[in-house]
Amino acid sequence: MNEISFKLVDKIERDHALSLDEYELLVKSLTPSLASYIAKKAIKARKRIYGDRVFIRGLIEISNICKNDCYYCGIRRSNKNARRYRLSKEDIISCCGEGYKLGFRTFVLQGGEDMYYTDSVLCDIVSAIKSAHPDCAVTLSMGERSRQSYKALYDSGADRYLLRHESADKEHYALLHPHEMSYDNRFRCLYDLREIGYQVGCGFMVGSPYQTPAHIASDLKFIESFKPDMCGIGPFIPHHDTPFAAMSAGTLELTCFLLSVIRLIYPNVLLPSTTALGTIDKSGREKGILSGANVVMPNLSPPSVRKKYELYDNKICTGEEAASGIEQLKDKIKLIGYKIVTERGDIIKK
Ligand code: 5AD
């Protein structure tokens with residue numbers, strides 16, 4: 001069993017692909033020694049392309065108002081306890097100005113599916129950011145929209161779009177989302193974004209409710225075929241006002257392992273070590289980087305709203321998790337042998 005799993009790691013390193021059954025077997029075979037074996041290879045693959053550089057993105061959480069009701073998410077519309085907020089254009093522009101001074105050259109605008117941000121409102125915000133900071137990339141993470149809307153946003157200057165696919169298994173997807181949300185539409189969005197010209201990010205939660213190794217195998221197979229420019233994976237962490245209460249054991253280790261797997265599937269991918277990883281373990285973010293991640297996304301939202309953008313319990317948003325703690329973050333990253341760089345950090349494709 002063990003022998004086979006090490007051979008599977010060699011195979012992904014060589015072919016950047018496995019069969020569904022092989023991915024499933026690999027996930028089931030996780031042991032500390034397999035994890036360190038694959039992490040070494042993931043680090044080597046990343047080094048060849050990105051050296052010791054770690055990219056930073058300033059995350060601006062523009063609204064926690066959401067029309068969706070995803071069972072796992074703290075800002076789902078049924079959560080009557082959430083204190084709702086939304087940032088104005090001026091708020092957002094001022095966050096970017098502050099971020100720029102701190103060295104950020106990518107701004108990620110993330111929010112719930114808040115109908116206030118119509119195309120004209122959002123296009124206006126994007127073009128204002130781009131004209132104030134033409135040397136910066138704007139990434140949107142605003143959920144499912146029409147192709148036409150994605151096109152308008154792209155034309156107004158948005159460079160990248162993050163939309164986690166959440167689960168590549170249709171039945172599993174349906175267990176995480178109410179009926180009115182459609183798996184097909186989610187993937188339609190991802191393919192539209194790609195065709196329009198965005199750098200596109202997909203991703204999923206590790207240890208989400210009902211998730212099995214077979215589901216993770218489907219996620220990996222999807223990543224292998226879609227080759228996203230960015231891939232956001234992080235541990236599922238329960239939120240006390242949602243129906244999903246428990247977190248499964250070993251999620252930290254599994255997340256790090258999957259970061260290594262994804263790095264080997266697509267060595268060029270931009271892979272964040274997520275806030276959720278930093279939330280479940282005090283050196284989670286460093287562990288993510290040591291498993292193959294090469295992006296961190298400190299929080300650039302106004303301090304007064306950070307706690308309200310609560311997708312899960314106990315989200316960290318101070319110290320080096322805050323954009324203003326960038327110096328601390330730089331020191332921590334340096335201690336593990338990497339270097340935070342202040343450049344746009346586009347994907348390198350050779
Ligand atoms: N735990 C971890 N991640 C979560 N997300 C939403 N709720 C949770 C949770 N409870 C993730 C989803 C979403 C991204 C913005 O945050 O994958 O796409």
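The values are calculated or read from the model by the stated rules, or taken from the named source; none is laboratory data. Bear in mind that the values here come from a model prediction, so they are computed numbers and not experimental data. Cβ: placed from backbone, ideal geometry, glycine included. Neighbour counts: every protein chain shown.
A few comments on the model shown:
- Residue within the range 70-91 that is touching a helix residue (DSSP H, G or I) at 6+ places or on another chain (Cβ under 6 Å) and within 25 Å of Leu329 (Cβ to Cβ) present: no
- Hits in the range 274-313 - residues which are in contact with a helix residue (DSSP H, G or I) (Cβ under 8 Å, 6 or more places away or on another chain), among the small types (Gly, Ala, Ser) and assigned to a loop (DSSP other than H, G, I, E, B): Ser291, Gly292, Ala293, Ser301
- Taken as a whole, the condition of being more than 28 Å from Cys73 (Cα to Cα) and either modelled with pLDDT under 95 or touching a Ser or Thr at 6+ places or on another chain (Cβ under 6 Å) (or both) does not apply to Lys330.
Every residue, every condition in (1) more than 16 Å from the ligand (Cβ to nearest atom); (2) touching a residue at least 60 places away in the same chain (Cβ under 8 Å), yes or no:
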site: Asp155; (1), (2): yes, no
site: Ser167; (1), (2): no, no
site: Leu190; (1), (2): no, no
site: Phe204; (1), (2): no, no
site: Ile216; (1), (2): no, yes
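- Members of the range 254-274 found to be hydroxyl-bearing (Ser, Thr, Tyr) and crowded, with 23+ Cβ neighbours inside 10 Å, listed by number: Thr255, Ser260, Ser273, Thr274
Conditions tested, residue by residue: (1) buried (at least 16 other Cβ atoms within 10 Å of the Cβ); (2) modelled with pLDDT of 95 or more; (3) under 23 Å from the mean Cα position of the chain (by Cα); (4) under 29 Å from Ile216 (Cα atoms).
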site	(1), (2), (3), (4)
Arg48	no, yes, yes, yes
Ser63	yes, yes, yes, no
Ser88	no, yes, no, no
Gln110	yes, yes, yes, yes
Met115	no, yes, yes, no
Ser141	yes, yes, yes, yes
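- The range 228-237: number of residues that are near the ligand (Cβ under 6 Å from one of its atoms), of a type outside the set (Phe, Trp, Tyr) and more than 11 Å from the chain's Cα centre (by Cα): 1
- Residue count for the range 200-253, restricted to those that are of a type in the set (Phe, Trp, Tyr) and buried (at least 22 other Cβ atoms within 10 Å of the Cβ): 2
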